[in-house]
Amino acid sequence: MVRISSVSNARMGLILVVAALIGGHGTLGAQFASVLREGLTVGRRSRVELLDGERVTGRVQRVTPDTLTLSVVEYRNAQNAVAATREIPFRSITGIWVASGTHWMEGGGIGAAVGAGFSLAAGILLGGGGGDAPECRGGCLVQMTAGGAAIGAAIGAVIGTFFLRWRVVY
């Protein structure tokens, strides 16, 4: 089912019918209808690859049978970023991806492994394996490793939220 953000179901159905009719004129209409079905909706963060290899990332403003309009940020220099609108003809597009979440779980898993590894190594190096200290007999190494894994997982999950997961729609 298509998730529609700012277009009503009836209007989306009409757009799909028009796209199917245009499909008789060429493959562009069929491609357009396919992309709409896959979730290229207004406001969705998307990445487009063009024939010349350029990648454009922005939020979808408008989708027509011939063009895709993205709201993008263009960087003039390190201190100056300008919001711009970019109309991209479907004929020049070789690939379209939509953002579908973040990598927080992968980040958490990697962070847990790294945190556990460093904590285990630190515990062994600092003599947390028991030694002469009565408070560390039998449990300090396990506690340090588990604590390091938990802290690493939390940090990794936070870092993972900054990396988008992309899903191919065309």
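Figure legend. Inter-residue proximity from the stretch 100-116: first residues surrounded by fewer than 20 Cβ atoms within 10 Å (Cβ to Cβ), second residues polar (S, T, N, Q) and modelled with pLDDT of 95 or more, beta-carbon distance below 7 Å, spacing 6+ or different chains. No pairs are indicated. Inspection of the stretch 91-98 identifies no residue that is under 20 Å from the mean Cα position of the chain (by Cα), hydroxyl-bearing (S, T, Y) and at pLDDT below 85.
Any chance you could count how many residues in the stretch 52-81 are farther than 15 Å from I93 by Cβ and not hydroxyl-bearing (S, T, Y)? Break it down into steps so the answer makes sense when it comes.
First, pick out the residues of the stretch 52-81 that are farther than 15 Å from I93 by Cβ: 59, 61, 71, 73-81.
Within this subset, residues satisfying the condition of being not hydroxyl-bearing (S, T, Y) are 59, 61, 73-74, 76-81.
Residues meeting the conditions: 10.
Filter the stretch 41-58 down to residues that are exposed (fewer than 14 other Cβ atoms within 10 Å of the Cβ) and either at pLDDT 85 or above or in a strand (DSSP E or B) (or both), then give me how many there are.
In the first step, residues of the stretch 41-58 are kept if they are exposed (fewer than 14 other Cβ atoms within 10 Å of the Cβ); the result is 43, 51-55.
Subset that is either at pLDDT 85 or above or in a strand (DSSP E or B) (or both): 51-55.
Residues flagged as exposed (fewer than 14 other Cβ atoms within 10 Å of the Cβ) and either at pLDDT 85 or above or in a strand (DSSP E or B) (or both) within the stretch 41-58 amount to 5.
For the stretch 64-77, the criterion of being assigned to a strand (DSSP E or B), in contact (Cβ under 8 Å) with a residue 24 or more places away in the chain and aromatic (F, W, Y) is satisfied by no residue at all.
The values are calculated or read from the model by the stated rules, or taken from the named source; none is laboratory data. Since the model is a prediction, treat every value here as computed from it, not as a measurement. All Cβ positions, even for glycine, are placed from backbone atoms using ideal geometry, and neighbour counts span all protein chains on display.
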